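Taking it in order: structure first as structure tokens, then the write-up.
The values are calculated or read from the model by the stated rules, or taken from the named source; none is laboratory data. Here the structure is a predicted model, which means the values were calculated and not measured. Neighbour counts run over all protein chains shown; Cβ positions are idealised from the backbone, glycine included. Side chains included, ligands, DNA and RNA excluded: accessible areas come from the protein's heavy atoms. Shrake-Rupley method; radii C 1.70, N 1.55, O 1.52, S 1.80 Å.
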Amino acid sequence: MTVTSRKSVTSLMSAIAETGRDPARGGYSRPVYSTAELDLRSWFIAEASARGLDVETDRNGIIWAWWDAPSGDRTGAIVTGSHLDSVPGGGAFDGPLGVASALAAVDALRAQGRRPERAIAIAVFPEEEGSRFGIACLGSRILTGAMPVERALALKDDDGTTFAELSAKAGLDPAHMGADRERLGQLGAFIELHVEQGRGLIDLGQPVAIGSSILGHGRWRLSFTGQGNHAGTTLMRDRRDPLVAAGALIGQIPGIASRFDGARATVGRLQPVPGGTNVIASRVDVWLDVRHPDDDVTAQVVAEISTRAELLAFEQGCTVTVREESLSPTVSFDSDLRRRLEVALPDAPVLDTGAGHDAGILAAHIPTAMLFVRNPTGVSHAQEEHVEDADAEAGALVLADVLMSELGV
Ligand code: GLV
Ligand code: MN
Ligand code: MN
Ligand code: MN
């Protein structure tokens, strides 16, 4: 077995600092199975292989790097890891920090002369952000059966490429993709380390927090349809412009959401068809993201926005349909695992998060926990996302401790 010398999180992260940079948007754009994301996957496979880990890409495109127990038995494996895809113009740490920290944690355990009595695996999940195909955590949803694979394979990106076509191009066989009970049955626990995506840790004087829960969240697509026409020859009174209805709705969403304490509602993506400066659009798809700890409140917010959308569409002579694209209920992480983390990390604050994660999908099947590393800007999904080197190293050591206490390695 070749084992490289120990690497810090900072040196692992700096090796990928140029991959997928997006000067036009700022930050990084690493859509699933793009050249940038495939390069990161190759980087991870090379780093894991150099450590003598047994690396496999499963039939769903999830990469697993195994540090086996002497028995070779993988039952009850402790899994850590995260994702390497990004939102458009995202930060450097959302996803890769969890992957680099997992590698550094393995290095730290080895440097301490530890060997696992139960297998450890580092997992890398594809399309966590849902930036390319619209559904977040697609890899873990397929693995767990949370999304029927037929629906996932039929999803299209902005170029009209299906997830099936892109998966095949990435070397997978779509006919063999789908829920994987056998793999799930091997997993004893999942612990995802992630950059904190809000301001929770900033004033607490601690580099790492324990995750308690993930806010329920979902995505809806509101498709406004009107009459495509000429920008110069169509009088204002003759128009049925779906973008006018959509724009009015977007302006009213903050007011609607603010009436529900704790609700967050966002439109970050508009797709006008055909999208020409001198063309009145015939249709526009408005992607709505709504989050709240109480799933009933999320449903109420969406219902109010939908009713308002119908009214505004009617006023413009347009129609609107609302389609739920994905829905993830609020997740509380495994209480027993969390209690053990609280004992192992007595100084770490306990925080919930408004961001979605593969951990939230896996939590329905296996004991799951999260660790958050301080982000001094409090900004995420943007280039200002940041982690100080010292906090990144502290995070990896905490992860190593957690793996150790979980495994008795
Ligand atoms: C993904 O990071 C999300 O929370 O939307
Ligand atoms: Mn993430
Ligand atoms: Mn993210
Ligand atoms: Mn996420």
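Before moving on, here are some points about what is shown:
- Qualifying residue in the stretch 345-363 (condition: more than 21 Å from SER101 (Cα to Cα) and away from ligand 4 (no atom under 16 Å from the Cβ)): no
Yes or no, residue by residue, for (1) within 16 Å of ligand 3 (Cβ to nearest atom); (2) in contact with a helix residue (DSSP H, G or I) (Cβ under 8 Å, 6 or more places away or on another chain); (3) within 30 Å of ARG240 (Cα to Cα):
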{"position": "LEU311", "(1), (2), (3)": "no, no, yes"}
{"position": "THR321", "(1), (2), (3)": "no, no, yes"}
{"position": "ASP347", "(1), (2), (3)": "no, no, no"}
{"position": "ALA396", "(1), (2), (3)": "no, yes, no"}
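- Counted residues, the stretch 23-62 - those being more than 27 Å from ALA179 (Cα to Cα) and touching a Pro at 6+ places or on another chain (Cβ under 7 Å): 2
- Taken as a whole, the structure places SER140 among residues that are in contact (Cβ under 8 Å) with a residue 40 or more places away in the chain, buried (at least 23 other Cβ atoms within 10 Å of the Cβ) and either more than 16 Å from ligand 2 (Cβ to nearest atom) or not charged (D, E, K, R) (or both).
- Of all residues in the stretch 395-406, those that are modelled with pLDDT of 90 or more have Cβ atoms under 9 Å from Cβ atoms of residues that are of a type in the set (Lys, Arg) and part of a helix (DSSP H, G or I), 6 or more apart or on another chain, in VAL402/ARG340.
- Index of the failed condition, ILE142 passing every other in (1) β-branched (Val, Ile, Thr); (2) more than 16 Å from ligand 4 (Cβ to nearest atom); (3) part of a loop (DSSP other than H, G, I, E, B): (3)
- The set of residues from the stretch 6-44 being free of Cβ contacts under 8 Å to residues at least 24 places away in the same chain and open to solvent by 60 Å² or more (accessible area, probe 1.4 Å) comprises SER14, GLU18, ARG21, PRO23, ALA24, THR35, ASP39, SER42.
- Given (1) open to solvent by 60 Å² or more (accessible area, probe 1.4 Å); (2) not in a helix (DSSP H, G or I), index of the condition GLU310 fails: (2)
- Of everything in the stretch 117-129 that is of a type in the set (Gly, Ala, Ser) and touching a Lys or Arg at 6+ places or on another chain (Cβ under 8 Å), the residue that is surrounded by the most Cβ atoms within 10 Å (Cβ to Cβ) is ALA121.
- Considering residues of the stretch 45-58 that are open to solvent by 50 Å² or more (accessible area, probe 1.4 Å) and hydrophobic (A, V, I, L, M, F, W, C) only, the residue farthest from ASP173 (Cα to Cα): ALA46
- Answer from ARG219, ARG264, ARG259, ARG240 - the residue that is open to solvent by 30 Å² or more (accessible area, probe 1.4 Å), within 16 Å of ligand 2 (Cβ to nearest atom) and of a type in the set (D, E, K, R): ARG219
- Taking residues in the stretch 249-266 that are free of Cβ contacts under 8 Å to residues at least 12 places away in the same chain, and partners anywhere that are open to solvent by 60 Å² or more (accessible area, probe 1.4 Å), not one pair has Cβ atoms closer than 6 Å while being at least 6 places apart or on different chains.
- Sub-7 Å Cβ pairs linking a first residue in the stretch 298-315 that is under 27 Å from ILE214 (Cα atoms) to a second residue that is in a helix (DSSP H, G or I), at least 6 apart or interchain, are VAL301/ILE256; VAL301/ALA257; GLU304/ILE256; ILE305/ILE253; ILE305/ILE256, ordered by first then second residue.
- Comparison of ARG114, ARG132 shows that the only residue that is in contact (Cβ under 8 Å) with a residue 60 or more places away in the chain, surrounded by fewer than 20 Cβ atoms within 10 Å (Cβ to Cβ) and part of a loop (DSSP other than H, G, I, E, B) is ARG114.
Listed here are the residues, each with its yes/no results for (1) open to solvent by 10 Å² or more (accessible area, probe 1.4 Å); (2) part of a strand (DSSP E or B); (3) at pLDDT below 95; (4) closer than 20 Å to GLU127 by Cα.
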{"position": "ASN60", "(1), (2), (3), (4)": "no, no, no, yes"}
{"position": "PRO70", "(1), (2), (3), (4)": "yes, no, yes, no"}
{"position": "ASP85", "(1), (2), (3), (4)": "no, no, no, yes"}
{"position": "PRO88", "(1), (2), (3), (4)": "yes, no, no, yes"}
{"position": "LEU103", "(1), (2), (3), (4)": "no, no, no, no"}
{"position": "VAL106", "(1), (2), (3), (4)": "no, no, no, no"}
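- Total residues in the stretch 117-129 satisfying the condition of being part of a loop (DSSP other than H, G, I, E, B), within 16 Å of ligand 1 (Cβ to nearest atom) and touching a Phe, Trp or Tyr at 6+ places or on another chain (Cβ under 9 Å): the figure is 2.
- If you filter the stretch 356-372 down to residues that are within 14 Å of ligand 3 (Cβ to nearest atom) and not in a helix (DSSP H, G or I), you find that the one that is nearest to ALA179 (Cα to Cα) is HIS357.
- One residue from HIS381, HIS365, HIS357 being within 16 Å of ligand 2 (Cβ to nearest atom) and open to solvent by 30 Å² or more (accessible area, probe 1.4 Å): HIS381
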